[in-house]
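The values are calculated or read from the model by the stated rules, or taken from the named source; none is laboratory data. Computed from a prediction, not measured in an experiment: that's the story for all the values here. Don't worry about glycine lacking a Cβ; one is built from the backbone with ideal geometry, like all the others, and counts go over all protein chains shown. Just so you know, the surface numbers come from the protein's heavy atoms only, side chains and all, with ligands and any DNA or RNA stripped out. Shrake-Rupley method; radii C 1.70, N 1.55, O 1.52, S 1.80 Å.
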Amino acid sequence: MRSWPSPFIPDVPGRGPAVRVHDTGRGEVVTLNPGPVAGLYVCGITPYDATHLGHAATYVTFDVLGRALRDAGHEVRYVQNVTDVDDPLLARAVRDGVDWVHLADRETALFREDMTALGVIAPDHYLGVTESIDLIVADVEALLANGMAYAVAAPDASDPAGADVYLDISQRPGFGDLSGLTRAQMLTVFAERGGDPEREGKRDPLDPLLWRAERADEPSWGSASLGAGRPGWHIECTALAVRYLGMPFTVQGGGSDLIFPHHEMSAVQGCALTGTRPFAEVFVHQAMVAFEGEKMSKSKGNLVLVSTLRAAGVDPMAIRLALLARHYRTEWEWTHADLHRAQQRLAGWRTALSGNGGPSAQGVLAGIREHVADDLDTPGALAVVDAWASRALEHGGSDLGAPGLVARAIDRILGIRV
Ligand code: ZN
């Protein structure tokens, strides 16, 4: 699938320190040690509504992580999916009386525009489910062949002989290690987030769907062995991560609402498929962004859209700065004041950086690097730039190279273009 044009990444002297991030599974901050190439997989959108600020926070956070890894001398291989066929997308298309393919194309195009505007580096592999069916079918076949998956008759399928396919989680040691949820909690969350614990014929209510036999009025793809149908949600990310990054890869990322079931399931499916562990070295999660008292979500309808702000003339760099002003692991509530503060900050930085010289930038680059490498402490990094900008605005300075160096540093590491 077409992604979007990546921004130019300026060079700065030296190299950033090793990057430390919080691993959800271990519950502590760990040092990434990926070797020459870091593999980054971040779960993409289900394109039935435009990019809201919760999404934007996720993709900006992992963009900063990718930038920090590059700055530390690693090559980054970045994979992202698009869930361009799934129950919520199909339900929205039916509700709105639009073709699901057109809906997905339209919203994916808008997402690409938002990512470009926000200065997010494009993935190396950006793939929709609909263009990865053969890969997914091969993986489901392999899981059936190695006894990790089983078929459940689906008499309501278009073909009455059709069957759905599930992973047998009872064979997966380590299931639950990522989320740390109790079984009762898992059952509740699974039902809330697209799971089907009530489905008759499953060996365990928590077994995840790998392949859904075709139902009336649902899109499907032919498979000689599985029959007509479509993939379950989690297997797309398993298949793409294993194919394009290999196991274990460095970081699995996404919003914290994906920890269970999505990341738990994609990980155990990957381990079942390859017979190796772990799926990813580290799991990193962006905290939810609220608006008007509730988590911002499509299903609740309380969205602040990046595209709406852009259409109103808001500088996307101010949106990005507003997101970077919050630490990725802290839940927060978006208010207009966040945007106002970011606009003022951006204006102040621009003024400070537009002078013929400024105060010494000694320590600014190192300060930004240290904060970002320390579990993506972007608020701390912004404070370093604020301090330099304040000195520049109050006292000026005679270091002719300072504004250029600071501008390149915030562009390279924070993705802020002034
Ligand atoms: Zn995913």
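Checked against the criterion of being among the charged types (D, E, K, R), without any contact (Cβ under 8 Å) to a residue 12 or more places away in the chain and either farther than 25 Å from residue 249 by Cβ or surrounded by fewer than 18 Cβ atoms within 10 Å (Cβ to Cβ) (or both), the candidates 87, 96, 159, 124 yield just one match: 96.
Just one of 262, 234 is open to solvent by less than 40 Å² (accessible area, probe 1.4 Å) and without any contact (Cβ under 8 Å) to a residue 40 or more places away in the chain; which is it? It is 234. Among the residues of the stretch 190-218, those that are more than 16 Å from the ligand (Cβ to nearest atom), touching a Phe, Trp or Tyr at 6+ places or on another chain (Cβ under 7 Å) and within 23 Å of residue 43 (Cα to Cα) comprise 206, 207.
Here residue 88 fits the description: within 16 Å of the ligand (Cβ to nearest atom) and out of contact with any Leu (no Cβ under 9 Å at 6 or more places or on another chain).
Is it the case that residue 153 is open to solvent by 40 Å² or more (accessible area, probe 1.4 Å) and more than 16 Å from the ligand (Cβ to nearest atom)? Criteria met by residue 153. Residue count for the stretch 320-350 under the criterion of being in contact with a Pro (Cβ under 9 Å, 6 or more places away or on another chain) and part of a helix (DSSP H, G or I): the result is 1.
Of all residues in the stretch 45-59, those satisfying the criterion of being open to solvent by less than 30 Å² (accessible area, probe 1.4 Å), at pLDDT below 95 and either away from the ligand (no atom under 16 Å from the Cβ) or touching a Leu at 6+ places or on another chain (Cβ under 6 Å) (or both) are 46, 50, 51, 52, 53.
Cβ-Cβ distances below 8 Å connect the following pairs, each with a first residue in the stretch 15-44 that is away from the ligand (no atom under 16 Å from the Cβ), a second residue that is polar (S, T, N, Q), and a separation of six or more residues or different chains: 18/31; 18/33; 19/31; 20/31; 32/250; 34/250; 38/250. Please determine, by comparing only the residues of the stretch 258-304 that are in contact with a Lys or Arg (Cβ under 7 Å, 6 or more places away or on another chain) and more than 23 Å from residue 243 (Cβ to Cβ), which one is modelled with the lowest pLDDT. In this case the residue turns out to be 294. Residue 69 satisfies every condition listed in (1) open to solvent by less than 10 Å² (accessible area, probe 1.4 Å); (2) within 16 Å of the ligand (Cβ to nearest atom) except (2).
Within the stretch 392-412, which residues are open to solvent by 50 Å² or more (accessible area, probe 1.4 Å), assigned to a helix (DSSP H, G or I) and of a type outside the set (Lys, Arg)? Lay out the reasoning, then the answer.
Filtering the stretch 392-412 down to residues open to solvent by 50 Å² or more (accessible area, probe 1.4 Å) leaves 393-395, 398-400, 408.
Applying the additional criterion that residues be assigned to a helix (DSSP H, G or I) yields 393-395, 408.
Answer for the stretch 392-412, where residues must be open to solvent by 50 Å² or more (accessible area, probe 1.4 Å), assigned to a helix (DSSP H, G or I) and of a type outside the set (Lys, Arg): 393, 394, 395.
Given the condition within 17 Å of residue 233 (Cα to Cα) and in a strand (DSSP E or B), answer yes or no: does some residue in the stretch 188-210 qualify? Scanning the stretch 188-210, I find at least one residue that is within 17 Å of residue 233 (Cα to Cα) and in a strand (DSSP E or B), so the answer is yes.
Each residue in the stretch 8-31 was checked for being of a type in the set (Lys, Arg) and closer than 30 Å to residue 117 by Cβ, and 2 pass.
Among the residues of this structure, residue 221 does not count as one that is open to solvent by 30 Å² or more (accessible area, probe 1.4 Å), of a type in the set (Phe, Trp, Tyr), in contact (Cβ under 8 Å) with a residue 12 or more places away in the chain and within 11 Å of the ligand (Cβ to nearest atom).
For the stretch 238-250, the criterion of being touching a His at 6+ places or on another chain (Cβ under 9 Å), away from the ligand (no atom under 15 Å from the Cβ), at pLDDT 95 or above and of a type in the set (Ser, Thr, Tyr) is satisfied by at least one residue. Within the stretch 265-319, the residues that satisfy the criterion of being open to solvent by less than 20 Å² (accessible area, probe 1.4 Å), of a type in the set (A, V, I, L, M, F, W, C) and part of a helix (DSSP H, G or I) are 265, 267, 268, 271, 272, 306, 317, 318, 319. Quick one: in the stretch 237-259, of everything that is open to solvent by 10 Å² or more (accessible area, probe 1.4 Å) and polar (S, T, N, Q), which residue is nearest to residue 284 (Cα to Cα)? Ranking the qualifying residues of the stretch 237-259, first place goes to 256.
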